[in-house]
1. What nm distance separates the two modelled labels at Glu76 and Gln126, each placed 7 Å from Cα along Cα→Cβ?
2. Multiply the residue gap between Thr164 and Val10 by 0.36 nm, knock off their C-alpha separation, and tell me the result in nm, one decimal place.
3. Determine the relative contact order of the stretch 35-92: mean sequence separation of Cα pairs under 8 Å and six or more apart, normalised by residue count, in whole percent.
4. Sequence neighbours fewer than 8 away in the same chain don't count; with that in mind, list the lysines whose C-alpha is under 17 Å from Lys74.
5. Arg177 to Tyr204: extension gain in nm, 0.36 nm per residue of separation minus the Cα-Cα distance?
6. What's the local net charge at Leu119, with K and R +1, D and E -1, over the other residues with C-beta under 11 Å away?
7. All other residues with a Cβ under 12 Å from the Cβ of Ala188 taken together, and with Lys, Arg as +1 and Asp, Glu as -1, what is their net charge?
8. Around Tyr168, what is the net charge, scoring Lys/Arg as +1 and Asp/Glu as -1 over all other residues with Cβ under 13 Å from its Cβ?
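Each reported figure results from applying straightforward, stated rules to the coordinates on display, with no laboratory input. Just so it is clear, the model here is predicted, and its values are computed rather than measured. Note that each Cβ is placed from the backbone with ideal geometry, even for glycine, and that neighbours are counted across all protein chains shown.
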Amino acid sequence: VKPEKVIPFVVTKEQAQKQFEDYFKGKKLLPNVFLNSRNRISEMRRLYVPYWLFSCDACADMVYDAEKVCTEQKGEWEITRTKHYLVRRRGGMRFENIPVDGSVKMDDKLTESLEPYDLSAAIPFQSAVLAGAMADHADADCDACEKRAVERVERSVEQTMLDTVRDYDTVNERSRRIVTERGSATPALLPVWLMTTVKEGKTYTFAVNGQTGKLTGDLPVSMGRFWAWFAGIFVPLAGVTMLLFV
């Protein structure tokens, strides 16, 4: 599948390296191997990752059970009145260019953590833009990627509809119907700096959005440091609580 759009790199190699170095600062729960040694990049790649950009219309019909609760005191009696409501919301939304990682080799959680991209900066695909970078065609099945895009659309529609149901004490969804239609998919290439570092024989992967500079990675947590931090917070709070009850 030949890409139709591409976002050129904005972040330089030096800027991506600095992002990597700064990433470890202030993270006190990391194991000693990350804190007591210089974190060197074992490998760094300039990649154009294949994506599918999905667009569609979404129509929703949502029904909620809602309640308003009012409590008042009359003499020695406390009276609680509960009013029950059936709330209905219907509406439509348009979604443009929802990015879904089209590479089987790339971790979906890693690439989704790099969002958002400014897709208004995308240009028609030109092979010259790929000079000095690695690139691949989308090898993830378009239908499978579409399913993930629809799930994101449904979550957005669900939350948007729920946000309009205001001024109630409780709101619970009774039924929902969300339909997507007039969908389209556009293959595109988006820029990513991919870096790895090796600690005690284990490889850790980090990625930098090649347009915005946003960095993401999956760092381990030292449980010893976590419990020490937790005890440092919990013990003083427990002491304050005990004093309040003395």
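1. Modelled inter-label distance: 8.7 nm.
2. 51.6 nm
3. 35 percent
4. Reachable lysines: none.
5. Contour length minus Cα-Cα distance gives 5.5 nm.
6. -2
7. Once all neighbours under 12 Å are counted, the net charge is 0.
8. Neighbour charge sum, excluding Tyr168 itself: -2.
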